[in-house]
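> What follows is a structure written as structure tokens; I'll ask about it next.
The numbers here are math on the coordinates, done by the rules we state, and not lab data. Bear in mind the structure is a predicted one, so any value in this text is a computation, not a measurement. Methodologically, a virtual Cβ is constructed for each residue, glycine included, from the backbone with ideal geometry; neighbour enumeration extends over all protein chains shown.
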Amino acid sequence: MLYPAGVESERAAEITEGLASYTGTVLAAPSPAEAIASALDQLAAAETQESFVRTFAYASGPAYGLLLDASSPGWRQRVRGTDDLAALVMRALAVQPANNVAAIATRYGGAELRASEQQREQQRQERFAELRRRFVDGPVLLLPGRGAGSFDARGAVSIPGVGTVYFGAYRFSGDWGTLEAEKGVLVQSDGAFRRVPVPVRRDEASVAGDGWIFKASPGWVVREGTRPGDYEVVRGQP
């Protein structure tokens, strides 16, 4: 209710990523009981992660799918890309939303969760400030957004109105060249650019910074950006 715009993105993630995770969980398990045990382990492991950004569906998908296996035979033949897995489970099990939210919150440790989340929010704002300094306000290298690659979404941090910072192994390439990073890449919300902190080393073949290296394709160069201290990858002659 507070974030209606998030409803569709969460629903879509559970269909695209959640169903895939459910399929892998069921196929890898020797028995239905072991599939359920695996799903429970995945739910528990998800709560230990730093963030649910782009990763929540990998844990919720197997859980919803196995609940539907038990309550709605044949659902896999009926499910569509426009469906909501949570809504399917609610209908199959005749689940009704709680009227007394405060009482339900108490059953699930609401006071402890609120205190924990308030502390986490303070830490999150401090993290936002640091990431803004590195990827938004400070000097950066701007790379074109088009292309393809691979990355690890675990621990990703979304900066409202700016984009998402991905940590861990990140590899992206396009007609402009190849970027390899391991300490953070910001992908703008509009997808127009990727950003890494300002370069610290340059030579004829590559540009590198703290935890990243960029290699330009023939016909592409790194030049000074529009902001003082920034650089950008553009088509041109060396």
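> At a Förster distance of 22 Å, what's the computed FRET efficiency of K215 paired with R235, Cβ-Cβ distance as r, to 0.05?
Calculated transfer efficiency: 0.90.
> Please give the charge dipole size of the stretch 102-238, origin at the Cα centre, charges +1 on K and R Cβ atoms and -1 on D and E Cβ atoms. Round to the nearest 20 debye.
Dipole size: approximately 160 debye.
> Related question: When every alpha-carbon pair in the chain is counted, what percent end up more than 26 Å apart? Could the numbers behind the result be given before it?
Numbers: 14653 of 28203 pairs.
Value for the chain (Cα pairs over 26 Å): 52 percent.
> Which trypsin sites (Lys or Arg not before Pro) does the stretch 1-84 hold that lie in a coil by DSSP with at most 11 other beta carbons within 10 Å?
Passing sites in the stretch 1-84 are R80.
> For the chain, give me the percentage of DSSP beta bridges that are antiparallel, rounded to the nearest 5 percent.
Beta bridges within the chain, antiparallel portion: roughly 95 percent.
> Once phi is turned into θ = phi - 60°, what whole-Hz ³J(HN,Hα) does the Karplus curve with 6.51, -1.76 and 1.60 give for every residue of the stretch 65-77, x standing for Gly and Pro?
Per-residue couplings from phi come out as x, 6, 5, 6, 4, 7, 10, 9, x, x, 4, 5, 7 Hz.
> Scan the chain and hand back the longest stretch that contains none of the chymotrypsin sites (Phe, Trp or Tyr not before Pro) lying in DSSP loops with at most 16 other Cβ atoms within 10 Å.
109-238
> Could you grab the relative contact order for the stretch 133-235? Cα pairs under 8 Å, six or more apart, rounded to a whole percent.
Over the stretch 133-235, the number comes to 28 percent.
> For R78 and S51 in the same chain, what is the full-extension length gain: residue separation times 0.36 nm, less their Cα-Cα distance, in nm?
Stretched fully, the R78-S51 segment lengthens by 6.5 nm.
> Another question about this same structure. Quick check: Cα centre of the stretch 100-150 to Cα centre of the stretch 1-58, how many Å?
Distance between centres, Cα-based: 19 Å.
> As a check on your grasp of the helix formula, calculate [θ] at 222 nm for the chain: sum -39500 (n - 2.57) over DSSP H runs of n ≥ 4, divide by the residue count, round to the nearest 500. Mind showing how you got there, number by number?
Details: 8 runs with 93 residues, N = 238.
Mean residue ellipticity at 222 nm (helix-derived): -12000 deg cm²/dmol.
> Evaluate the relative contact order of the chain (contact order divided by residue number), counting alpha-carbon pairs under 8 angstrom at least 6 apart; express in whole percent. Mind dumping the intermediate values first?
Working: 358 pairs, mean separation 34.4, N = 238.
Rounded, it is 14 percent for the chain.
> Would you please give the FRET efficiency between L113 and L40, computed as 1/(1 + (r/R0)^6) with r the Cβ-Cβ distance and R0 = 22 Å, to the nearest 0.05? Walk me through the numbers before you get to the answer.
Working: r = 20 Å, r/R0 = 0.89.
Efficiency at R0 = 22 Å is approximately 0.65.
> Taking θ as phi - 60°, what are the ³J(HN,Hα) couplings along the stretch 121-134 by the Karplus curve (6.51, -1.76, 1.60), each to the nearest whole Hz, with x for Gly and Pro?
With coefficients 6.51, -1.76 and 1.60, one gets 5, 4, 5, 5, 5, 5, 5, 4, 4, 5, 5, 4, 4, 7 Hz.
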